[in-house]
Amino acid sequence: MKIYYTDHFNLPLPDSHRFPMVKYRQLRQHVVRSPFHLHDLLIVPPAATDEQLLSCHTERYVSAVRDGTLSNSEIRRIGFPWSTQMVERSRRSTGATLAASRAALSDGIAVNLAGGTHHAMHDAGEGYCVFNDAAVTIRTLQREKLIQHACVIDLDVHQGNGTAEILGDDHTAFTLSLHGVKNFPMRKSPSDLDIDLDDGTTDEQYMAALDGALDQLDNEQPFDLAIFLAGADPYKDDRLGRLDLSKNGLAERDRTVMQWCRDRSIPLAIAMAGGYAPDVNDIVSIHGMTVQLASLHSRIATQ
């Protein structure tokens, strides 16, 4: 299985902004050390081009990010300061989901160890999201005539408002989001299917909601590609999650999505999305299990 990583593009961040970025390097190190991934390929992705980014973002916004002319309020909304490294890493993170999707079209499944930047909108970044990797990927592959109809299965705890805004009027891309109804963002753009979860939602309640959502997604078939945002932030100890899922529950979530795609022969690209548990080892173990399950899925598919 192909695994794409971007963590070596370091961001010069003050300590107050560094925590959300720590998990990426530790996740790659976890994958490298794991004997389970000896036969998987870790790959540095190409950067998304201006042309690819402009399929979803305005020329003004792409230029402002590239040239460092974002306003102070725009930078605050993104959540970390502008730098040339920030631009390169954001391009590469988007490029990683695009590369993983290309790999999934031929191999069945592939993983981006970052990505899931679902708060990035047409003309703005938000919540640590600069460019919207899932939307850019779908539009790029459609323009290349590699796919026609795609879906985004967004299981980050926060609603994918940017993805919904960009793809909201696009009938060739179906957006599904399961998220905390009282959580960020307070103003949500409507997805094609939004499933609102109450604070304290448990494993059992979550899985019932997910099963119902996937049943509804079946009605939108066929799909040429699915992009799964496997957020670690529904975890019960996440600082920003407010749900009550266990690590076992999150693993069952991942297995369910992967099985749903495999049963329907839908190529699957996975991005990690959010994770903010106080102990970064919890985040890494959750994301690490997602990658391990994807690798197992890949091996079964090739047997």
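The values are calculated or read from the model by the stated rules, or taken from the named source; none is laboratory data. The model shown is predicted, which means the values in this text are computed figures rather than measured ones. Positions of Cβ are generated from backbone atoms using ideal geometry, with glycine treated the same way; all protein chains shown enter the neighbour counts.
Each residue in the stretch 261-279 was checked for being assigned to a helix (DSSP H, G or I) and either modelled with pLDDT under 95 or of a type outside the set (Asp, Glu) (or both), and 2 of them qualify. Among the residues of the stretch 91-102, is there at least one that is surrounded by 20 or more Cβ atoms within 10 Å (Cβ to Cβ), touching a residue at least 12 places away in the same chain (Cβ under 8 Å), out of contact with any Asp or Glu (no Cβ under 7 Å at 6 or more places or on another chain) and more than 26 Å from Asp233 (Cα to Cα)? Looking for residues that are surrounded by 20 or more Cβ atoms within 10 Å (Cβ to Cβ), touching a residue at least 12 places away in the same chain (Cβ under 8 Å), out of contact with any Asp or Glu (no Cβ under 7 Å at 6 or more places or on another chain) and more than 26 Å from Asp233 (Cα to Cα), one finds at least one in the stretch 91-102, hence yes. Of the strands (runs of 3 or more DSSP E) that lie entirely inside the stretch 164-245, not one contains 1 or more residues that are surrounded by fewer than 17 Cβ atoms within 10 Å (Cβ to Cβ) and among the β-branched types (Val, Ile, Thr).
Per the listing Gly116, Gly95, the residue uniquely in a loop (DSSP other than H, G, I, E, B) and within 19 Å of the chain's Cα centre (by Cα) is Gly116.
Got at least one residue in the stretch 140-148 being touching a strand residue (DSSP E or B) at 6+ places or on another chain (Cβ under 8 Å) and in contact (Cβ under 8 Å) with a residue 60 or more places away in the chain?
Yes, the stretch 140-148 has at least one match.
For the stretch 250-260, the count of residues that are assigned to a loop (DSSP other than H, G, I, E, B), among the hydrophobic types (A, V, I, L, M, F, W, C) and surrounded by 21 or more Cβ atoms within 10 Å (Cβ to Cβ) is zero.
For every residue, the table says whether it meets (1) of a type in the set (Asp, Glu); (2) touching a residue at least 12 places away in the same chain (Cβ under 8 Å); (3) out of contact with any His (no Cβ under 6 Å at 6 or more places or on another chain).
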| position | (1), (2), (3) |
| --- | --- |
| Asp156 | yes, yes, yes |
| Ala173 | no, yes, yes |
| Leu178 | no, yes, yes |
| Val181 | no, yes, yes |
| Met186 | no, no, yes |
| Ile227 | no, yes, yes |
